[in-house]
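> Below are the structure tokens for one structure; questions will follow.
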Amino acid sequence: MSVTQFIESGITFEFNAGNCFRIENDPIVAQGNVRGSTQNNKACECVTVIDDHHYFIEVKKSAPKGPTGKVEDLSLNGEKIPANWEAYNNYQKFLREISKKFIDSFSLLKSIVENRHGEDKKKSIPLSLKTLDLDKMRFILIINLNNDKIRNIDKQAMSTLKDAITNELRPFLKIWNIPDRSVKVVLPSQAKDYLGIPIIKY
């Protein structure tokens, strides 16, 4: 059996090659992207099928703990930002980046499956990914924190992050009628032990 092995954010994955689409590396993702543009295509690390569910997997070494800074301390073109404005900070930027990766990856996979990029492109992705069941989608963010020990992790912070990403994704989830429970934020040990993701080192 041939395997697809790669390292991302300090985690070594080893998938069955016939069951893993390295969507982040697909040429379509880079097509038309402009350096520095916020409108570029984004993609998660990979898409795979585990226990009949499509897993869209993204990995990060860290995540902001929450919103920081006060609106009243910010200015725009030399003018103070009104107090009723919402500060756009690293936390919001992180949420939007992760959400965009999941949404763009889903859109790209669906477009390939529906033959929007030609028969050859459709043939190039694993057979297991060609039948999309929207009731069996999973959007998995793995946070590879140092010293991954459950007792040392702020579980409330992880739960808050999961809720925040779900909320950012909610318009997309509603359009496709995908339940909130499809969004997961986990540590490497949880991804391996409870979700069955083939992690061999972290």
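What follows draws every value from the coordinates through simple rules; no lab data is involved. All values reported here derive from a predicted model rather than from experimental measurement. Positions of Cβ are generated from backbone atoms using ideal geometry, with glycine treated the same way; all protein chains shown enter the neighbour counts.
> Please give the length that would be gained between SER111 and ASN177 if that part of the chain were fully extended, namely 0.36 nm times their separation in residues minus their C-alpha to C-alpha distance (nm, one decimal).
Here the answer is 21.9 nm.
> Calculate one ³J(HN,Hα) per residue across segment 52-58 by plugging θ = phi - 60° into the Karplus curve 6.51 cos²θ - 1.76 cosθ + 1.60, and present them in order as whole Hz with x for glycine and proline.
6, 10, 7, 9, 9, 10, 10
> Further, regarding this structure: Quick one: what are the phi-derived ³J(HN,Hα) couplings along segment 15-22, Karplus 6.51/-1.76/1.60 with θ = phi - 60°, whole Hz, x for glycine and proline?
9, 4, 4, x, 9, 9, 10, 7
> Using 18 Å as the Cα-Cα cut-off, could you pick out the over-long pairs in LYS162/LYS184; LYS61/LYS162; LYS101/LYS184; LYS130/LYS174; LYS61/LYS192?
Flagged as over cut-off: LYS130/LYS174.
> Hey, another quick one. Want the number for HIS53 to GLN31: 0.36 nm per residue separation, take away the alpha-carbon distance, what's left?
Values: separation 22, 0.36 × 22 = 7.92 nm, distance 2.81 nm.
Net length gain for the segment: 5.1 nm.
> For a quick check of your reading of the filter: which GluC sites (Glu not before Pro) in segment 98-202 sit in a DSSP loop and have no more than 12 other Cβ atoms within 10 Å?
In loop regions of segment 98-202 (DSSP not H, G, I, E or B), the sparsely surrounded GluC sites (Glu not before Pro) are GLU114.
> In terms of modelled amide H atoms, which long-range or inter-chain residues lie less than 5 Å from the amide H of CYS44?
Residues meeting the criterion, in which the H sits 1.01 Å from N, are SER105.
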